[in-house]
1. Connecting C-alpha atoms closer than 10 Å in a GNM of the chain, tell me which of PRO207, PRO40, PRO317 has the biggest fluctuation.
2. Report the antiparallel proportion of the DSSP beta bridges in the chain as a percent, rounded to a multiple of 5.
3. Return the distance in nm (one decimal) between the two label points of a simple spin-label model at ALA80 and TYR58, each offset 7 Å from Cα along Cα→Cβ.
4. Within 10 Å, count the other beta carbons around each residue, average over each peptide in 46-59, 85-98, and list them highest first.
5. Evaluate Rg over Rh across the stretch 172-326, taking Cα atoms for both radii and Kirkwood's formula for Rh.
6. What is the calculated FRET efficiency for ARG184 to SER14, with r their C-beta to C-beta distance and R₀ = 41 Å, to the nearest 0.05?
7. Sorting check: for 159-170, 230-241, which peptide has the highest mean count of neighbouring beta carbons within 10 Å, and how do the rest follow?
8. Using helices alone, what [θ] at 222 nm do you get for the chain, with -39,500 (n - 2.57) per DSSP H run of 4 or more residues, divided over all residues and rounded to the nearest 500?
Amino acid sequence: MPQLLARALASRESVFARMSRLAAQYGAVNLGQGFPADAPPAFLLEAARRAVGTVDQYSAPAGLPALRDAVGTDLGVDGADVVITCGATEALNVLALSLYGPGDEVLMLEPVFDVYLPQARLAGADAVTVPMTLDPVAGWSLDLDALSAAVTPRTRALLLNSPYNPTGTVFSAGELARIVEIARQHDLWIVSDEVYDELYFGDAPVPLRTLAPERTFTVGSAGKRLEATGWRVGWIACPPGLSSMLAGIRQQGSFCSPAPLQAAVAAALPVARESGFYAGLREEYAERMALLAGGLRDAGATVFTPRGTYFLTALHPTWHAETLVEHAGVAVIPGEAFYARHAAPTGLLRVAFCKSRDEIARALERLTAARNVNVP
Ligand code: GLN
């Protein structure tokens, strides 16, 4: 019998899929994988109902013109520079295949979102990671000198995420300016994963493309913004003139994103902006975050308050994600899942608060009990 290639044999179920599977198996409250408990907004669902039966055939690989324009208007870029993808995951993969290959290095941070490393590897490139620093009092910070020192003659791109999953960091304008300086000095591409661009709790994040439009690819997600992660509608805002080449790469994969869902997102993006939907989401999530953070602190965890995303990170001396899901009935993501090259801080967990208040309250009851039973 022929053999599968080593890269297929080495592929593993993602930690998010795994924790959701275990949560279902053990009847656990799922504060692991980042998908919202709430239904998507009615204006999105109604637009989708109108589109099914009307917009049912392929779109161009770059996406429906109406959606490219809606994303362009929303981000303040030309719709011609936007490529629609099947979620941010495909967007990141298209960028990996387009920007770096054998012999190249791509620089990213650790903790690292789980698709960045495998996608670089599948593209034939080497991922180089720079660890974020975690101070028990001050929280997470980026060592810009370490980032600069990690650039080599082989580095082709910087892959960044702000608001940052899992740390909740939002990089400041000053940090971003320094990152741009490094990219310009070494002539690097910047891939800026901004899928949580509307989920912030302090100052709005500065989009990297506004500082370095000539070299920044912005990755975005309708699933994250509009609470419909299963729809698989994401986008890349490209530096001018590059979108047709990226669309050429994406057509070899999924060809195009589901056309009626693209049409629905095109109709929904201006409504979401004008109706204050994102501000409402931020207010609601800020309250759920406070509820979760307070409960976790009461149960003995050190909690790092996020500035963005719908995740928080916490340290707990005795909790382990693998045993919590089975013995405490709560699924969270183990910190080690975000580390490949460096050691994860001991006791690090990522906990999602895009869940209902009821789920959060139930999870906290169970975790408080787990604190007393000393989970094995
Ligand atoms: N972004 C989500 C998270 O971090 C999950 C992504 C996925 O499962 N593909 O939980």
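The values are calculated or read from the model by the stated rules, or taken from the named source; none is laboratory data. Here the structure is a predicted model, which is why all the values come from computation and not from measurement. Neighbour counts are summed over all protein chains in view; Cβ atoms, including those assigned to glycine, are modelled from backbone coordinates with ideal geometry. Surface areas here come from the heavy atoms of the whole protein model, side chains and all, with no ligands, DNA or RNA. Shrake-Rupley method; radii C 1.70, N 1.55, O 1.52, S 1.80 Å.
1. Result for the chain, Cα springs under 10 Å: PRO317 fluctuates most.
2. Working: 22 of 43 bridges.
Roughly 50 percent of the beta bridges in the chain run antiparallel, per DSSP.
3. With each label placed 7 Å out from Cα toward Cβ, I get 2.4 nm.
4. Most protected by this proxy first, the peptides run 85-98, 46-59.
5. On the way: Rg = 18.8 Å, Rh = 18.3 Å.
The Rg/Rh ratio comes out at 1.03.
6. 0.75
7. On the way: 159-170: 25.6, 230-241: 21.1.
Result, highest mean Cβ count within 10 Å first: 159-170, 230-241.
8. The helix contribution divided over the chain gives -12000 deg cm²/dmol.
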